[in-house]
Amino acid sequence: MSTDRNIGVDAVLAKGWLGAHKWLLLRRTSQLGILALFLLGPFAGIWIVKGNLAYSLTLDILPLADPYVLLQSLLAGHIPERLALIGVAIVIGFYVLVGGRSYCSWVCPVNMVTDSAAWLRRRFGIKSGARFSRRTRYWILAMTLILAGTTGTIAWEMLNPVSMLHRGLIFGLGTAWAIILTVFLFDLFVSPDGWCGHLCPVGAFYSLIGKASLLRVNAAQRAACNDCMDCFVVCPEPQVIKPALKGASKGLGPVINSAHCTNCGRCIDVCSKEVFGFGLRFINKADNNAPQGETAALGNRP
Ligand code: SF4
Ligand code: SF4
């Protein structure tokens, strides 16, 4: 089993550094590229994209709107414009195909903050951790919607770290830095994957959109698993892996079907045995390739 300090070392030896960081590099390119498109307008006068993550217009043609913000707006009593409705339909259609929480790992700027905290936790062996239910995010999601309905405002968007960071990077950080620093310190010292994995209502909302998404990660080569546990350690939602990786003896297929999987691809990167890959959810035939040496520790992961 790898220690937290040498996670992915075997993968680097087996696949080379680039091969062991491919999906991570692609995600960072996506996150920073999207941010750059938004920044080109205000900073260089090149208006490819106007707006922010809540609502944007690309090349003056393509509207994209955040369905979570629109839902809050509807509950607050605002009638959305036609372009916003089209934008929401496009966004929902896209995430139904690629997985709702792909938003988290490929778009959301806060992900880079929380990934940094998770990396530092592993790097310095920080073990402190308040454990609370991953369902908490759904309660918070419900509360934000009730808040919109009862106040007639999208009040949560004034505090939402996702919206604050994105608006802040485009228009000036203002007080957003304090909220983002709080999220970072919370994840680093208080609760592992605390914000994204337990509290964030945006991630919770997108997980609902992606419940039946087509694109899924699978553990198709699970017979090759050597129980190093690297995938469990790097995964922001480790509870989603076990049924696919270790469920062969129970007749479970190798597809990671949980809507909480963010399709980040880190499990693919860090696996030296190339167990994981991207595929379609319905290619999920159970087999008898039960991996050898299933450890008790795997059964105890959260
Ligand atoms: S859980 Fe929330 S903050 Fe984290 S990556 Fe997803 S949307 Fe962003
Ligand atoms: S199972 Fe893999 S792709 Fe899904 S969240 Fe975990 S590391 Fe990312």
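The values are calculated or read from the model by the stated rules, or taken from the named source; none is laboratory data. Model, not experiment: these values are computed from the prediction. Every residue, glycine as well, gets a Cβ built from its backbone with ideal geometry; the counts of neighbours run over all protein chains shown. Note: areas computed on protein heavy atoms with side chains; ligands, DNA, RNA excluded. Shrake-Rupley method; radii C 1.70, N 1.55, O 1.52, S 1.80 Å.
On the stretch given as region 247-280, residues that are buried (at least 17 other Cβ atoms within 10 Å of the Cβ) and within 13 Å of ligand 2 (Cβ to nearest atom) total 21. Take P42 and tell me if it is more than 30 Å from R121 (Cα to Cα) and out of contact with any strand residue (DSSP E or B) (no Cβ under 9 Å at 6 or more places or on another chain). Against the criterion (more than 30 Å from R121 (Cα to Cα) and out of contact with any strand residue (DSSP E or B) (no Cβ under 9 Å at 6 or more places or on another chain)), P42 qualifies.
Kindly indicate whether any position in region 111-128 is out of contact with any helix residue (DSSP H, G or I) (no Cβ under 6 Å at 6 or more places or on another chain), without any contact (Cβ under 8 Å) to a residue 12 or more places away in the chain and not in a helix (DSSP H, G or I). Taking every residue of region 111-128 in turn, at least one turns out to be out of contact with any helix residue (DSSP H, G or I) (no Cβ under 6 Å at 6 or more places or on another chain), without any contact (Cβ under 8 Å) to a residue 12 or more places away in the chain and not in a helix (DSSP H, G or I). Taken together, the residues in region 59-72 that are of a type outside the set (A, V, I, L, M, F, W, C), in contact with a helix residue (DSSP H, G or I) (Cβ under 8 Å, 6 or more places away or on another chain) and open to solvent by 30 Å² or more (accessible area, probe 1.4 Å) amount to 0.
With respect to the conditions (1) in a helix (DSSP H, G or I); (2) touching a residue at least 12 places away in the same chain (Cβ under 8 Å), S56 falls short on a single one, namely (1). Take L188 and decide whether it is within 14 Å of A118 (Cβ to Cβ) and either basic (K, R) or crowded, with 17+ Cβ neighbours inside 10 Å (or both). Here the answer is yes, as L188 does meet what is asked.
Considering region 70-110 alone, what residues qualify as being among the charged types (D, E, K, R) and away from ligand 1 (no atom under 16 Å from the Cβ)? Passing the criteria: E81, R82. Residue count for region 1-46 satisfying the condition of being surrounded by 15 or more Cβ atoms within 10 Å (Cβ to Cβ), of a type in the set (A, V, I, L, M, F, W, C), at pLDDT below 95 and outside any helix (DSSP H, G or I): 1.
Residues being within 16 Å of ligand 2 (Cβ to nearest atom) and open to solvent by 50 Å² or more (accessible area, probe 1.4 Å) are represented in region 119-139 by at least one member. When restricted to residues that are part of a helix (DSSP H, G or I) and within 16 Å of ligand 1 (Cβ to nearest atom), region 235-272 contains 4. Could you please find all residues in region 207-232 being part of a loop (DSSP other than H, G, I, E, B), away from ligand 2 (no atom under 11 Å from the Cβ) and open to solvent by less than 50 Å² (accessible area, probe 1.4 Å)? Matches in region 207-232: G210, S213, A220, C225, D227, C228, M229. For region 87-120, a residue qualifies if it is more than 11 Å from T262 (Cα to Cα) and small (G, A, S), and the qualifying residues are G87, A89, G93, S116, A117, A118. Every residue in region 59-95 that is farther than 18 Å from P201 by Cα and not in a helix (DSSP H, G or I), please. Of everything in region 59-95, those that are farther than 18 Å from P201 by Cα and not in a helix (DSSP H, G or I) turn out to be L59, D60, I61, L62, P63, L64, G77, H78, I79, P80, E81. Name every residue in region 75-112 that is away from ligand 2 (no atom under 16 Å from the Cβ), open to solvent by less than 40 Å² (accessible area, probe 1.4 Å) and either among the hydroxyl-bearing types (S, T, Y) or under 24 Å from L147 (Cβ atoms) (or both), in order of residue number. Within region 75-112, A76, P80, A84, G87, V88, V91, P109 qualify.
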